[in-house]
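Values in this text are rule-based calculations from the coordinates and carry no lab data. Remember, it's a predicted structure, so these values are computed and weren't measured experimentally. Cβ placement follows ideal geometry from the backbone for every residue including glycine, while neighbour counts extend to all protein chains displayed.
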Amino acid sequence: MRNLMINLNRPRRSVLYMPGSKERALEKAKTLAADALILDLEDAVAPDEKVRARGLVCDAVREGGYGARELIIRINGLDTPWGGDDLLAACSAGPDAILIPKVESADMLLNVARDMDAGNAPDETLIWAMMETPLGMLNAATIAAATPRLGCFVMGTNDLVKDLGAEHTPAREPVITSLGLCILAAKAHGLAIVDGVYNAFKDEDGLRASCAQGRAMGFDGKTLIHPAQIAACNSVFSPDQSALDLARRQVEAFADATAKGEGVAVVDGKIVENLHVETARRLLAKADAIAAMEGA
Ligand code: COA
Ligand code: MG
């Protein structure tokens, strides 16, 4: 089996959905500060527009012009009249990833991986999985381990809330267990994971709170529906200056302690062990990757 690995260092703070049928949005995206773009053929595109959108999206990926932004094509479900042709077309366009809706089992992804090999998808084109059904949540661990082509979980919280017969609440208690199961599975198998959308796209305070909750839980970033959400999302998912300053001081203090033959250091009255240094280094690397992307 080929060993395809996602680059977990690549920034995925803001992952913007855009309807694949809208030329104007596809063009505008080249200037937006989103880290990643999901060119959608599924829910954002009406049935009559599906075939036209497939052509537009694949042409946009081939033509490029999106700079360092990661490009993901979301295809229709493989049980719909469009899914099979979407997958083949996406394989030949060769985006960074192909996003599969409503993933519920490892077998489903193994079939996708086989179809991608048969469709001559580039080795670099990974599978991303929409996690958005009760069965998907229960099978998250085996789905995460399904195939080395898998790179990222994308939470589909609107579908999940619908299938649960639950309600959207500010603190998201009804879906916390589901978010937790997917985070555990993603981290256990080295995947990236991005949070679900915040529907009220004009409510910036609500969006910031939702981003902060996602960041605290371990998400790499959040999916978005409107360009107006990008700046707040990028800011919440970027390490802030005080955290970076602390991380630098922890790394230095630990190096000094090690040089003296000691195993721990103290910074700001708190213990610094090897594991804290690992976290600090990861934060610094993330800041470097963001700076490199923003300078690109
Ligand atoms: N990606 C890129 N550009 C977008 C965009 C998006 N998701 N949403 C809006 N824009 C653009 C519009 O084309 C418009 O561009 P213009 O000024 O060049 O004309 C500009 O941003 C302002 O748009 P606005 O008028 O505020 O929004 P709207 O009322 O046209 O659309 C939504 C609102 C929610 C319908 C739209 O944002 C959208 O379709 N979002 C994506 C939905 C989606 O993909 N859902 C599936 C996954 S949940
Ligand atoms: Mg969905």
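Just a few scattered comments:
- Along region 45-57 the Karplus relation, 6.51 cos²θ - 1.76 cosθ + 1.60 evaluated at θ = phi - 60°, assigns HN-Hα couplings of 10, 6, x, 5, 9, 4, 6, 5, 4, 4, x, 4, 5 Hz to successive residues, with x for each Gly and Pro.
- Unit charges at the beta carbon, dipole of the chain: most positive-side option, Leu244, Pro134, Met293: Leu244
- Computing Rg and the Kirkwood Rh from the Cα coordinates of the chain gives a ratio, Rg/Rh, of 0.99.
- Beta bridges per DSSP with both ends in the chain, % antiparallel, nearest 5: 10 percent
- Rounded to the nearest 20 debye, the dipole magnitude of region 14-236 is 400 debye, with +1 charges on Lys and Arg beta carbons, -1 on Asp and Glu beta carbons, and the Cα centre as origin.
- Using the Cβ-Cβ distance between Lys162 and Leu135 with R0 = 25 Å, the FRET efficiency computed as 1/(1 + (r/R0)^6) comes to roughly 0.95.
- Measuring nothing but alpha carbons in region 50-128 and taking Rh as the Kirkwood radius, the Rg to Rh ratio lands at 0.94.
- Rg/Rg_globular for region 102-158, with Rg_globular taken as 2.2 N^0.38 Å and Rg from C-alpha atoms: 1.09
- Ordered by the count of other Cβ atoms within 10 Å of each Cβ, fewest first, Leu87, Leu39, Leu184, Leu16 give Leu184, Leu87, Leu16, Leu39.
- The C-alpha radius of gyration of region 182-240, expressed as a fraction of 2.2 N^0.38 Å, stands at 1.12.
- Multiplying each eigenvalue of the alpha-carbon gyration tensor of region 97-214 by 5 and taking the square root yields semi-axes of 27, 15, 12 Å, largest first, rounded to whole angstroms.
- Each residue in Lys202, Lys30, Lys22 was given a count of other beta-carbon atoms within 10 angstrom of its own, and listing them fewest first yields Lys202, Lys30, Lys22.
- Whole-percent P(r), region 256-296, all Cα pairs, 5 Å bins from 0: 5, 20, 20, 19, 12, 10, 9, 4, 0.
- Options Leu32, Ile73, Val45, ranked by Cα towards positive dipole end of region 15-92, top entry (Cβ charges): Leu32
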